[in-house]
1. Restricting attention to the range 222-249, and to residues there that are in a helix (DSSP H, G or I) and free of Cβ contacts under 8 Å to residues at least 60 places away in the same chain, which single residue is surrounded by the fewest Cβ atoms within 10 Å (Cβ to Cβ)?
2. Assuming residue 162 fulfils every condition listed in (1) more than 11 Å from the ligand (Cβ to nearest atom); (2) touching a strand residue (DSSP E or B) at 6+ places or on another chain (Cβ under 6 Å); (3) assigned to a helix (DSSP H, G or I) apart from one, which condition is it?
3. Which helices (runs of 4 or more DSSP H) sit wholly inside the range 1-114 and have at least 3 residues that are under 25 Å from residue 381 (Cβ atoms)?
4. When residues of the range 264-289 are filtered for being closer than 14 Å to residue 302 by Cα and within 13 Å of the ligand (Cβ to nearest atom), how many remain?
5. Those residues that are without any contact (Cβ under 8 Å) to a residue 40 or more places away in the chain and more than 13 Å from the ligand (Cβ to nearest atom), I need them from the range 165-180; list them, please.
6. Show me the helices (runs of 4 or more DSSP H) entirely contained within the range 328-445 in which 3 or more residues are more than 16 Å from the ligand (Cβ to nearest atom), over 15 Å from the mean Cα position of the chain (by Cα) and within 24 Å of residue 258 (Cβ to Cβ).
7. If a residue must be in contact (Cβ under 8 Å) with a residue 60 or more places away in the chain and on the phi > 0 side of the Ramachandran plot, how many such residues does the range 114-150 contain?
8. Please work out which one of (1) surrounded by fewer than 18 Cβ atoms within 10 Å (Cβ to Cβ); (2) within 23 Å of residue 252 (Cβ to Cβ) is the condition residue 297 fails and give its number.
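Nothing in this text is a laboratory measurement; each read-out follows from the coordinates by a stated rule. A quick note: this is a predicted structure, and the numbers were derived from the prediction, not measured. Methodologically, a virtual Cβ is constructed for each residue, glycine included, from the backbone with ideal geometry; neighbour enumeration extends over all protein chains shown.
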Ligand code: NDP
């Protein structure tokens, strides 16, 4: 570690104790940005980096609600308004028992760079709660969402802060949140994205993150004159991102052999075809069941329960060409990264946010595989959220083809920014530097223009 990175990281750790995910996200970015600060001392003297690391605002609130048995429950709600230099705060809401301040700060920090890369005018934010929608009735989820929005509504707005979904927040939750916002504020605006098609949503928004991660992989493969046709792919997760990643891989002629949830994973050597994917979508989105049921239905597949005592995840220990981590942060540890390389994987396109530990990222870069970090590869979701905001402002919806074409062009442009920026900073092929620096420059220049605020 250089002196600069070392001393900044010491400050970050002292100021933000017990937030390891935030430290990890900042560390990865500042390693890349050292190259920029050497060429642009004006950023250093304006303390741009130190300001980007500090959220503009952190909101923390009580979320009381009543469960189906009549018991009072109390959760904690958060919204991190990280940076608004290039547009209103924008980023998802996560409902998961693991949610805490450090995890949301890491996500909000990543979001700033990701949103900048999309070419659209969006600042960065993130929020959520330690509420667990799993096992709750629809009435309980509604009760929670209404209480959560009763407080959040005073902090957000279509020109201020526009939340969306993330883990545990899908169409059902966005509907309940939007209904409560509209009721309290008496206005129908694009205050949330990921809305239903009948009430302001955009075509392709549910598909966008997964499709985008696959388009990004296709662009990376294109640099070696290859395509996804005939490639075997490992996908983790089985939620929104994993489902539409699988769908687009099938569209482009690839084969997906794994999917997972927090209890285990399935391996299907024959490949998850469209009929099997439909089964997964029904299982996860309607019946809200466990991935194990896939192996009970398709007897040639194998289910392996999660074993937390193992130091690697066997999902990443299969022969394949590409990997699409699409579940959660740090799901690929160093052992997993080594297994991926050993098994011949040479494309990693991250649908999830920060799914690879920093040592794993370094290994991918050293091995010169095509590694697309989350803030570039999964930016398709927020990009189409940006397009949803445009359609809401115009009060005019675009067709499926129009949105999909724009998504494809945006992913192409993000890829090009990464490649060109990495080259300009003398690290060709390094998509991590490309994404971090490419995302940073636009925000930094806007901050320079706007003075010390
Ligand atoms: P979903 O809630 O739809 O699905 C999450 C999936 O990951 C589920 O299969 C879940 O299993 C699994 N999972 C969650 N936490 C863990 C864990 N701790 N260990 C193992 N498995 C876990 O979320 P999304 O698909 O929307 O999000 C997945 C990832 O993609 C996240 O990192 C998110 O930040 C990122 N992302 C999402 C975007 C979006 O538009 N939705 C945009 C950009 C990034 P189980 O059901 O058992 O919990």
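1. Of the range 222-249, the ones in a helix (DSSP H, G or I) are 222, 240-249.
Adding the requirement that they be free of Cβ contacts under 8 Å to residues at least 60 places away in the same chain leaves 222, 243-244, 246-248.
Numbers: 222: 13, 243: 22, 244: 26, 246: 30, 247: 20, 248: 21.
Filtering the range 222-249 for residues that are in a helix (DSSP H, G or I) and free of Cβ contacts under 8 Å to residues at least 60 places away in the same chain, the one surrounded by the fewest Cβ atoms within 10 Å (Cβ to Cβ) comes out as 222.
2. (3)
3. Values: elements: 3-15, 20-39, 41-45, 48-53.
So the answer is 20-39.
4. Going through the range 264-289 one residue at a time, the tally reaches 3.
5. Taking the range 165-180 first, the residues without any contact (Cβ under 8 Å) to a residue 40 or more places away in the chain are 171-172, 174-176, 178-180.
Correct list: 175, 176, 178, 179, 180.
6. Details: elements: 334-342, 358-366, 374-377, 380-394, 400-424.
It comes to 334-342, 358-366.
7. 1
8. Status for residue 297: all satisfied but (2).
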